[in-house]
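Visitor: Here it is, the structure, as structure tokens.
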Amino acid sequence: MNEIELIRSQLTAERQHAGAVANACVSALQRARTNEVPGGPALAEFRQACVDYLACVLPWFEERDQRLADLARARLGAADPEGRALEEVLARPGRSREALQRLEAACATGSASGRAVSDSWQDFAHYLASVWGARRDALDALLGARLRVTDWRSVSGIDADTILEERQRYARVCALLPSGVSLAATPPTGGG
């Protein structure tokens, strides 16, 4: 596996894990609402592990988009068709900043009723799978073969420390996963 494949593989893993974590949190909250899994401190700890994971990974994607925009401006002019296509995709709804705002809204409902909490998490998970995911897919389609390895390194910001941090945070979610709740997620099609 070459370096670009390794970077793209990590990006794909982060996307898949983000979706799986969001969906697992929705499932756990819905099951707690119907008393299929216990609520209380264990559920709160699991929910916090989910928030910690997502609040770490989503900003990384936002930072990557900024570095990508900077690279595009430096390398491609505004008149370049590839540059315009990239700017158009970067301007679409579905930024990680928007996903983080939805995550914050889901967290803000923590003292609300069980239905309000699971509904706000459901809204967040749906946004992540649809709008955010579609934007990531479009970016990946544009970037697939166009970036050089140095560009992938620069844009992704992936290194041993970030890989380790992502794995540790995901492992914590896995360790706290309530019985009967799965981390299965619909895999995204790309890695961007």
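Visitor: Filtering segment 9-21 down to residues that are hydrophobic (A, V, I, L, M, F, W, C) and touching a Leu at 6+ places or on another chain (Cβ under 7 Å), which residue is nearest to residue 176 (Cα to Cα)?
Guide: Across segment 9-21, the extreme among qualifying residues is 21.
Visitor: Being part of a helix (DSSP H, G or I), over 15 Å from the mean Cα position of the chain (by Cα) and in contact (Cβ under 8 Å) with a residue 60 or more places away in the chain: is that true of residue 161 here? Break it down stepwise before answering.
Guide: Working: part of a helix (DSSP H, G or I): yes; over 15 Å from the mean Cα position of the chain (by Cα): yes; in contact (Cβ under 8 Å) with a residue 60 or more places away in the chain: no.
No: the conditions fail for residue 161.
The rows are residues; the columns are (1) surrounded by fewer than 18 Cβ atoms within 10 Å (Cβ to Cβ); (2) touching a Leu at 6+ places or on another chain (Cβ under 7 Å); (3) not aromatic (Phe, Trp, Tyr).
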| position | (1), (2), (3) |
| --- | --- |
| 23 | no, no, yes |
| 33 | yes, no, yes |
| 40 | yes, no, yes |
| 43 | no, no, yes |
| 54 | no, yes, yes |
| 58 | no, yes, yes |
| 61 | no, no, no |
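Visitor: Return the only residue of 129, 79 being surrounded by fewer than 20 Cβ atoms within 10 Å (Cβ to Cβ), within 24 Å of residue 27 (Cα to Cα) and either within 21 Å of the chain's Cα centre (by Cα) or modelled with pLDDT under 85 (or both).
Guide: 129
Visitor: In segment 164-192, what residues are hydroxyl-bearing (Ser, Thr, Tyr), under 16 Å from the mean Cα position of the chain (by Cα) and at pLDDT 90 or above?
Guide: 170
The values are calculated or read from the model by the stated rules, or taken from the named source; none is laboratory data. As the structure is a computational prediction, the values presented were derived from the model and not from experiment. Quick reminder, even Gly has a Cβ in these numbers, built from the backbone with ideal geometry, and neighbours come from all protein chains shown.
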